[in-house]
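The values are calculated or read from the model by the stated rules, or taken from the named source; none is laboratory data. Computed from a prediction, not measured in an experiment: that's the story for all the values here. Note that we place each Cβ from the backbone using ideal geometry, even for glycine, and neighbour counts take in every protein chain shown.
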Amino acid sequence: MDRDTIGAVATSVGIAGIGIVRVSGDQAIGSVSNIFKSKKGQSLDMLSNRKIHYGWIVEEDGKIIDEVLVVPMKRPYTYTKEDVVEIHCHGGIVSVERILKKLLDQGVRLAERGEFTKRAFLNGRIDLSQAEAVMDLVSAKTKNSFQLSMNQLQGRLSQALNDIRKQLVDMLAHIEVNIDFPEYDEEEVTREHLLNISREIESKIFRLIETSEVGMIHREGIKTLILGKPNVGKSSLMNYLLNENRAIVTDIPGTTRDTIEEFVNLAGVPLKIIDTAGIRQTEDIVEKIGVEKALHKIDEADLILVVFDGSRYLEEEDLMIMEKIKDKKALYLLNKTDLEEKISFDSIPYIKDVLIRISIINNEGLMAIEKEVKKLFLKASINVEEDAVVNNIRHKNLLLKAKSAIKDVIQSIEDQQTIDCIEVDIMETLEYLGEITGDAVREDLVDKIFSDFCIGK
């Protein structure tokens, strides 16, 4: 199957200025040449490589399907390291579908999800961690998450892992020399050497694992729940953070009855904001369901923004909310500071230290929220633009296994285990790291990873 010539639409379906149909494989240039009529009258394989050529995609009888620009790219210097042709046509649904159908009539097979990137991996152009970064780039929600994925695509994580793997291979070579030529090495010297390198490797792996919390935040966002009584300003806060009127805001209690979810970029940190129904006792069946859903969301949230109305006295619902979230990461927002303050937290001393005063109507307090979110979730020691950062749960889990394996190496050395036993633990560490980059990975896992891609990428 991997020798087939494949094709797919590489741009989103819908109204657009340009649509792109991509073809890759041994017959890519020939297949496009059969349906492409260049303005110069030459077949595609006779035209310049890596140049844009103007012409038309035509039917067998010469009837024009669309006016296009075609870019032939001959292997090996292409995305897949195979012959690749891109057809740039008018955007929309009809043009790209008709062109793709003409290619399928030429024997081109419709590409599977992620198959272009999968071929780039299988043909050695990129490793598996770089391939996964491609999809992260497509789905990035902030500048930082995009930059982090771009760094991974450029090989920053791969280089860090390869440096560790090289040290492990050197350790294995050292052990082999000791086993095969014991007269040329002192075992105590060998053990001391292996112990020092193992501790250095453990430190490097730990550092990568340490970056994963920040990396995952930038990749997936912080699931943020807005809680509070009715009419304290929850929906207004959501609109304020989004800078648009996404949620309906009225003076009528119970206006929000279901959860509303949106992504917001808060100073480079992606937040998945969830606005909820106001927490109160109610006989309205629909509103009651909304309140129950809001309370159930507490367990799922990474961060809770609790909103209080500073112009109202502290009530039973406020105390109930605070009790529900006492073990969660939370920011306590005192809204409506433009009005006379009546609320008092004298009976709850810890609130005073974490309270942020805001006035949504006066656009006050956003900077303070941003500052506290960064303090809670981002580590100043990690630079997403410069450091090798782990942002993939698969990578993190394999690093944790590698860390455990290198700990076993250290323990075996300290316990004076035989050199060949130490070798087994080193091999295990090497294998876990190799699974991240694809040097030692199962075929079914590769298929699963690329099945999450979009078709055409």
Quick one: how many residues across segment 438-457 are part of a helix (DSSP H, G or I) and either of a type in the set (A, V, I, L, M) or crowded, with 17+ Cβ neighbours inside 10 Å (or both)?
-> 4
Only one residue in Val84, Val71, Val94 is under 29 Å from Asp4 (Cβ atoms), in contact with a Ser or Thr (Cβ under 9 Å, 6 or more places away or on another chain), of a type outside the set (Ser, Thr, Tyr) and modelled with pLDDT of 90 or more. Which one?
-> Val84
So which residues in segment 19-60 are at pLDDT 95 or above and in contact with a His (Cβ under 6 Å, 6 or more places away or on another chain), if there are any at all?
-> Ile20
Within segment 398-457, the residues that are more than 30 Å from Ala10 (Cβ to Cβ) and among the β-branched types (Val, Ile, Thr) are Ile406, Val409, Ile410, Ile413, Thr418, Ile419, Ile422, Val424, Ile426, Thr429
Name every residue in segment 17-49 that is in a loop (DSSP other than H, G, I, E, B) and out of contact with any Lys or Arg (no Cβ under 6 Å at 6 or more places or on another chain), in order of residue number.
-> Gly17, Gly25, Asp26, Gln27, Asn34, Lys39, Lys40, Gly41, Gln42, Ser43, Leu47, Ser48
Output the residue which, of all residues in segment 1-18 that are farther than 20 Å from Asp105 by Cα and either in contact with a helix residue (DSSP H, G or I) (Cβ under 9 Å, 6 or more places away or on another chain) or of a type in the set (S, T, N, Q) (or both), is modelled with the lowest pLDDT.
-> Val13
Spans of helices (runs of 4 or more DSSP H) in segment 336-437 with at least 3 residues touching an Asp or Glu at 6+ places or on another chain (Cβ under 6 Å) and surrounded by 14 or more Cβ atoms within 10 Å (Cβ to Cβ) | 393-414
Scanning segment 200-228 residue by residue, those among the acidic types (Asp, Glu) and under 25 Å from Met238 (Cβ atoms) turn out to be Glu220
Return a yes/no flag: does segment 55-77 have any residue that is at negative phi, surrounded by 15 or more Cβ atoms within 10 Å (Cβ to Cβ) and in a loop (DSSP other than H, G, I, E, B).
-> yes
Only residues that are buried (at least 21 other Cβ atoms within 10 Å of the Cβ) and either in contact with a Ser or Thr (Cβ under 8 Å, 6 or more places away or on another chain) or in a loop (DSSP other than H, G, I, E, B) (or both): list them for segment 302-319, please.
-> Ile304, Leu305, Gly310
The condition of being surrounded by fewer than 20 Cβ atoms within 10 Å (Cβ to Cβ), in contact (Cβ under 8 Å) with a residue 40 or more places away in the chain, under 30 Å from Gln130 (Cα atoms) and not hydrophobic (A, V, I, L, M, F, W, C) holds, among Thr80, Thr11, only for Thr11
Give just the number: which of (1) surrounded by fewer than 24 Cβ atoms within 10 Å (Cβ to Cβ); (2) over 13 Å from Phe308 (Cα atoms) does Lys229 not satisfy?
-> (2)
Among the residues of segment 428-457 satisfying the criterion of being more than 17 Å from Leu168 (Cβ to Cβ) and of a type in the set (D, E, K, R), which is nearest to the chain's Cα centre (by Cα)?
-> Asp452
Per the filter on segment 187-211, residues surrounded by fewer than 21 Cβ atoms within 10 Å (Cβ to Cβ) and under 30 Å from Lys328 (Cβ atoms) are Phe206, Arg207, Ile209, Glu210
Leading residue by the ranking (nearest to Lys141 (Cα to Cα)) among those in segment 219-239 that are touching a strand residue (DSSP E or B) at 6+ places or on another chain (Cβ under 7 Å) and assigned to a helix (DSSP H, G or I) | Met238
Quick one: Glu210 ticks every box in (1) in the same structural domain as Leu430 (by TED's automatic domain parsing); (2) within 23 Å of Lys141 (Cα to Cα); (3) more than 21 Å from the chain's Cα centre (by Cα) bar one, so which box is it?
-> (3)
Just for segment 320-335: of the residues that are part of a helix (DSSP H, G or I) and either touching a residue at least 24 places away in the same chain (Cβ under 8 Å) or not assigned by TED's automatic domain parsing to the domain that holds Asn231 (or both), which one is surrounded by the fewest Cβ atoms within 10 Å (Cβ to Cβ)?
-> Met320
